[in-house]
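The values are calculated or read from the model by the stated rules, or taken from the named source; none is laboratory data. Note that this is a predicted model, so its numbers are computed, not measured. Glycine also receives a Cβ, built like all others from the backbone with ideal geometry; neighbour counts cover every protein chain displayed. Surface areas here come from the heavy atoms of the whole protein model, side chains and all, with no ligands, DNA or RNA. Shrake-Rupley method; radii C 1.70, N 1.55, O 1.52, S 1.80 Å.
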There are 2 protein chains.
Amino acid sequence: MPQGEPGQSRRPGRPTMREVARLAGVAPKTVSRVVNGVSTVDPQMAARVREAAEKLGYRPNLTASNLRRGDGRTATIGMLVEDAANPYSAALIRTVENIARERGVLVLIGSLDEDPDRERELALALIDRRVDGLVIVPAGRDQSYLIAEQRAGTCLVFVDREPKLLDADVVVSDNRQGAVTAVRHLMEAGHRRIAFLGDQASIPTAAQRLDGYLHALELAQVTADRTLIQQGLVTEQGAIEAARHLMALSDPPTALFTSQNLVTIGASRALRDLALENRVAMVGFDDFPLADMLRPGISVMAQDIEAIGRLAAHALFRRLDGDQSPTATTTVPTRLITRGSGEIPLGEPLRA
Amino acid sequence: MPQGEPGQSRRPGRPTMREVARLAGVAPKTVSRVVNGVSTVDPQMAARVREAAEKLGYRPNLTASNLRRGDGRTATIGMLVEDAANPYSAALIRTVENIARERGVLVLIGSLDEDPDRERELALALIDRRVDGLVIVPAGRDQSYLIAEQRAGTCLVFVDREPKLLDADVVVSDNRQGAVTAVRHLMEAGHRRIAFLGDQASIPTAAQRLDGYLHALELAQVTADRTLIQQGLVTEQGAIEAARHLMALSDPPTALFTSQNLVTIGASRALRDLALENRVAMVGFDDFPLADMLRPGISVMAQDIEAIGRLAAHALFRRLDGDQSPTATTTVPTRLITRGSGEIPLGEPLRA
DNA sequence: TGATGTCGAGACCACGTTGTCTCACCGTGT
DNA sequence: ACACGGTGAGACAACGTGGTCTCGACATCA
């Protein structure tokens, strides 16, 4: 016996303010006031409203609220990272999430996989959902498509890489100085033939790290040897092959500077396969879990991801709170962690 | 000279359909049709609308659309995990994100840190934003607070642990069988004194793994020794201390079964500190990066996280597509990966 | 007692969009 | 020439909520 309107509303939808109002015998606006904690409501009436809301299982509709509301805030921000599954991105997400949570703000995430098209698509998809702001680790070389959105009121903060053709707050690691420190550290152990293994040259951080590497060599008056510079290593396997190739040179490097996580791990595998892990020194950029458990432990230039995420989130919320000051780029220092691999001294030449 | 309405609309907000409509000289509804790709619009008119939208930098407001729209879908789902920064959760997020993306659905995330209150708060915060569905790795022991939401149309899928007092789809690993396999593997190497190191007993997966451990012993007619069972290990440091304690017993275990990632790594550190890593066998539950790079490599029961995430996402979207069939629990098998630590044979007793 | 001020609840509408309905217009058939 | 069906654009209202304004009630004071 299909009924149009039984006593209890059994239609699939959710109860609305209007229904709560009807049950409590008040106007919808009063329910709105109670839900928003407006203090001018009679306590007794408020109690009746809360009771009715409870009874119906009422939950406010934030999308409707956001639509009507003056400030148009959704209490939601978006975060676009390279890959939510990699430890760097994951740690960044978690830090931002924690700070957002303190303000009752939730985080929408998207992985870009270094694809500029995806960056654009996802950024716009987030904007279509009217996020209050965006934290972006950009994949593309042109963020001008965001100019209109920024002007329309979406706050933007960039992390790890600067935006192009767009003026926004940025938080980055000191990649160049970090690379200089890494290479000088290897030099202190006596090394002069130091190879550089890096990922795509198109990624700004990779370029900055190469720049630091070259600068450190120059400071020490060591002529850079192009054969020792391997770039465009995208996978762990690529890094393994590059390291093998380097070590097979007639005059192989005595130390490696690997400019990214996956590359560090790949090179580390290659050295072990060649039984050279205790003879060739290595410093990697980016720390990674269990780096201290390998033999030798892997010395790294660690980025302070927690600080980066915290600064980015704070920059975003400061803007959301109305800060109009000029945009700023914050540079976070990196830190050398010595664990063994970077302290292997220059020994006998590996090849006659 | 403050102007109310200059030629170009310069107010901070975003252009709306109405403004696009005015510029294109059509009705708002026509803009709506163009934006939604309705085919009955005159191509010439559609082009004019698109041009106007482009010119104004128009972006549709999905929250408004969702409000008016019949199905009330936001093309957004929520995902509550233990901690977005841990590799297990991060991989899960990424898998779900990938499948959601194929449908133009974005993912809101939240980390629970095993806190039931946070689970409830975040789940409701997501529901207030009218997510279409939720993927939850529950922290609490009672999900009845979601019954009303489920009835109201929010699809729910649980991962890794079953919900309590709520009927919903579930995707879990075969924890018990995995533990049985791990312990039998250690027995095949001759071990009988096998310790169990696990995290909080309150977490269902932990209980299931302990259950499997006990069952395997029973099958082999080995009496379980309560002194060899260490539970409630929350941190890596806790696991280190537990392993130290076990190895200091007058009759220490010859093999360890560690029921969780952090515990495995802690135990591994402890064994290495005691120089026992090549004498005491160990199998861990959950694979982790670089497990193969340690010496010895750490043998593990690996969960198929990608399959779990995929099945969970598919279950969710099947429901969203209207599937009304009874809820189902899908169990995903685990896989033994041998890397050395689990194959260390029973040798001389460690203590006289 | 009457004028005034205060305060809290409700009426009304708009936020940006889309479902529904209307209606003008076109081509077709007789 | 007229009726007709089909087609496509626009008018209108409503989704759930909150900003604004109104208004009645009650307290205060001259």
When you scan segment A:136-149, how many residues do you find that are open to solvent by 30 Å² or more (accessible area, probe 1.4 Å) and within 14 Å of chain B (Cβ to nearest Cβ)? 4
Looking only at segment A:90-112, which residues are surrounded by fewer than 23 Cβ atoms within 10 Å (Cβ to Cβ), outside any helix (DSSP H, G or I) and more than 10 Å from every other protein chain (Cβ to nearest Cβ)? A:Arg103
Could you tell me which numbered condition A:Pro60 fails, if it satisfies all but one of (1) modelled with pLDDT of 95 or more; (2) part of a helix (DSSP H, G or I); (3) near DNA strand D (Cβ under 8 Å from one of its atoms)? (2)
Do we find that A:Thr223 is modelled with pLDDT of 95 or more, open to solvent by 50 Å² or more (accessible area, probe 1.4 Å) and part of a helix (DSSP H, G or I) in this structure? no
Considering segment A:31-48, residues that are more than 10 Å from DNA strand D (Cβ to nearest atom) and in a helix (DSSP H, G or I), and then whichever is most open to solvent (accessible area, probe 1.4 Å), we arrive at A:Gln44
Give me the pairs, please: first residue somewhere in segment B:35-47 and free of Cβ contacts under 8 Å to residues at least 60 places away in the same chain, second residue anywhere and within 8 Å of DNA strand D (Cβ to nearest atom), beta-carbon distance under 6 Å, and either six or more positions apart or on two chains. B:Val41/B:Arg33
The correct count of residues that are open to solvent by less than 10 Å² (accessible area, probe 1.4 Å) and within 26 Å of the chain's Cα centre (by Cα) in segment B:279-293 is 6
Taking segment A:63-89 and keeping only residues that are part of a helix (DSSP H, G or I), within 16 Å of DNA strand C (Cβ to nearest atom) and more than 7 Å from chain B (Cβ to nearest Cβ), one is left with A:Ser65, A:Arg68
Of the residues that sit in segment B:113-135 and are more than 7 Å from chain A (Cβ to nearest Cβ) and free of Cβ contacts under 8 Å to residues at least 24 places away in the same chain, which one is least open to solvent (accessible area, probe 1.4 Å)? B:Arg118
For A:Leu67, state whether it is surrounded by fewer than 19 Cβ atoms within 10 Å (Cβ to Cβ) and either within 16 Å of DNA strand D (Cβ to nearest atom) or under 31 Å from the mean Cα position of the chain (by Cα) (or both). yes
Just checking, does segment A:227-234 include any residue being touching a Lys or Arg at 6+ places or on another chain (Cβ under 7 Å) and part of a helix (DSSP H, G or I)? yes
Looking at (1) farther than 19 Å from A:Val280 by Cβ; (2) more than 14 Å from every other protein chain (Cβ to nearest Cβ), which is the one condition that is false for A:Leu233? (1)
Would you mind telling me which numbered condition in (1) within 14 Å of another protein chain (Cβ to nearest Cβ); (2) in a loop (DSSP other than H, G, I, E, B) A:Arg192 fails? (1)
Could you tell me which numbered condition B:Ile147 fails, if it satisfies all but one of (1) outside the structural domain of B:Ala281 (by TED's automatic domain parsing); (2) in contact with a strand residue (DSSP E or B) (Cβ under 9 Å, 6 or more places away or on another chain); (3) among the β-branched types (Val, Ile, Thr)? (2)
Of (1) assigned by TED's automatic domain parsing to the domain that holds A:Gly153; (2) in contact with a Ser or Thr (Cβ under 8 Å, 6 or more places away or on another chain), A:Thr95 satisfies every one except (2)
Contact list, first residue from segment A:313-327 and within 15 Å of A:Ile136 (Cβ to Cβ), second anywhere and part of a loop (DSSP other than H, G, I, E, B) and of a type in the set (Asp, Glu), beta-carbon distance below 9 Å, six or more apart or interchain, is A:Ala315/A:Asp323; A:Leu316/A:Asp132; A:Thr327/A:Asp167
Considering each of B:Leu146, B:Leu165, B:Leu186 in turn, give the residue that is assigned to a helix (DSSP H, G or I), without any contact (Cβ under 8 Å) to a residue 40 or more places away in the chain, in contact with a helix residue (DSSP H, G or I) (Cβ under 7 Å, 6 or more places away or on another chain) and hydrophobic (A, V, I, L, M, F, W, C). B:Leu146
Determine if segment A:64-79 includes at least one residue that is touching a residue at least 24 places away in the same chain (Cβ under 8 Å), within 17 Å of A:Asp160 (Cα to Cα) and hydrophobic (A, V, I, L, M, F, W, C). yes
Which of the residues spanning segment B:15-47 are under 46 Å from the mean Cα position of the chain (by Cα) and more than 11 Å from DNA strand C (Cβ to nearest atom)? B:Ser39, B:Val41, B:Pro43, B:Ala46, B:Ala47
